[in-house]
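See below for the structure under consideration.
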Amino acid sequence: MSSAESLDGPYAIEFRNVSISFDDQPALVDINFKLRHGGMIILTGESGSGKSVLVRLAMGLLKPEAGQIFVDGQDIGFLSESELLAIRGGLMGMVFQEDSLFTGLSVYDNVAYRLDEHGWSEKDIEKAVKEVLHFVGLDGEDQKLPEELSGGMKRRLEIARALVGWPSIMLFDEPTMSLDPIVALQVLDLVIRARDINHISSVYVTKKPMEIPYLTNYVAARRGNEITVVGARADELPDVAIVVLELGRIVFNGNLQAFQSSELPSVKRMLTLDSPAYQMAGYVKDPWDKSRVPRDKLL
């Protein structure tokens, strides 16, 4: 069995000794990690540590100077641009830091765009768009333009556009940047629901350490016709690894407990400067419900 495979088949993403530099300045150096199918890697580190570069390498938007990158067992370094576009259009989805909505297109057309580009039928596009707009809580907003949406709704639309067609791998590049705490919490819910309900493998980039325990300790589950996000029991914790970058190198790769107890200066700086932005004690049945329902009342 090659190192690009796990016992369950190919890894969703594997970086093998990957390095890249810009203007002779190293951006990433000898990066190695493996993302299992259905799992999550939380990629963190201070600004300038190389997080966004890593995500763009995984998408094939950049090519490494050394090493190999595998996506679902394929070495993407050998793929043509058309083959890479097919992966981005079907196998992977990405939510960027910056707003990338088409301002002149409606909510519906923004979400449908990628499927139309890849030749889906109108009937299948309509079904997929309605399903994902319901998933992100934008039912009934399909004919609005982005300028008519709030900041939080725009971010949910970005996520819907990336999730449409349910790619098996998602990359989230600081999706809660500049969002207020309540809206950020809604986004975290969507990430958890995509991971646990749709079994999407994901790389989640953040420099907000308060998000890490939440993504690690909360899970989504179906209860009848509803999806709830609740604190996980010890025997149902999700498959999450935390990877810390510092000056382009991986300095930590482990679980939450090891991360929180780490003596690494880069980790301690992040945790010392961190302050909770929202209360984690209770949670909601519906991410857009203002109430907070304790876990024991959801069971």
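The table below lists the values:
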read-out: Total residues in segment 231-251, condition of a type in the set (D, E, K, R), more than 21 Å from residue 13 (Cβ to Cβ) and not in a loop (DSSP other than H, G, I, E, B); value: 2
read-out: Residues being of a type outside the set (Asp, Glu) and either over 20 Å from the mean Cα position of the chain (by Cα) or part of a loop (DSSP other than H, G, I, E, B) (or both) - total across segment 129-160; value: 11
read-out: Total residues in segment 172-199, condition without any contact (Cβ under 8 Å) to a residue 60 or more places away in the chain, within 24 Å of residue 250 (Cβ to Cβ) and in contact with a strand residue (DSSP E or B) (Cβ under 7 Å, 6 or more places away or on another chain); value: 1
read-out: Members of segment 161-174 that are part of a loop (DSSP other than H, G, I, E, B) and of a type in the set (D, E, K, R); value: 174
read-out: Index of the failed condition, residue 271 passing every other in (1) at pLDDT below 90; (2) closer than 21 Å to residue 54 by Cβ; value: (2)
read-out: Residue match in segment 19-34 (condition: without any contact (Cβ under 8 Å) to a residue 40 or more places away in the chain and either touching a strand residue (DSSP E or B) at 6+ places or on another chain (Cβ under 9 Å) or within 19 Å of residue 168 (Cβ to Cβ) (or both)); value: yes
read-out: Yes/no for residue 143 being over 19 Å from residue 176 (Cα atoms) and of a type outside the set (Lys, Arg); value: yes
read-out: Residue within segment 165-173 that is surrounded by fewer than 21 Cβ atoms within 10 Å (Cβ to Cβ), farther than 24 Å from residue 260 by Cβ, touching a helix residue (DSSP H, G or I) at 6+ places or on another chain (Cβ under 8 Å) and among the polar types (S, T, N, Q) present; value: yes
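Quick grid of which residues meet (1) among the β-branched types (Val, Ile, Thr); (2) surrounded by fewer than 21 Cβ atoms within 10 Å (Cβ to Cβ):
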{"position": "37", "(1), (2)": "no, yes"}
{"position": "41", "(1), (2)": "yes, no"}
{"position": "48", "(1), (2)": "no, yes"}
{"position": "52", "(1), (2)": "no, yes"}
{"position": "81", "(1), (2)": "no, yes"}
{"position": "106", "(1), (2)": "no, yes"}
{"position": "110", "(1), (2)": "no, no"}
{"position": "121", "(1), (2)": "no, yes"}
{"position": "124", "(1), (2)": "no, yes"}
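Quick grid of which residues meet (1) in a strand (DSSP E or B); (2) loosely packed, with under 14 Cβ neighbours inside 10 Å; (3) hydrophobic (A, V, I, L, M, F, W, C):
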| site | (1), (2), (3) |
| --- | --- |
| 176 | no, no, no |
| 222 | yes, yes, no |
| 229 | yes, no, yes |
| 253 | yes, no, no |
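The values are calculated or read from the model by the stated rules, or taken from the named source; none is laboratory data. All values reported here derive from a predicted model rather than from experimental measurement. Neighbour counts are summed over all protein chains in view; Cβ atoms, including those assigned to glycine, are modelled from backbone coordinates with ideal geometry.
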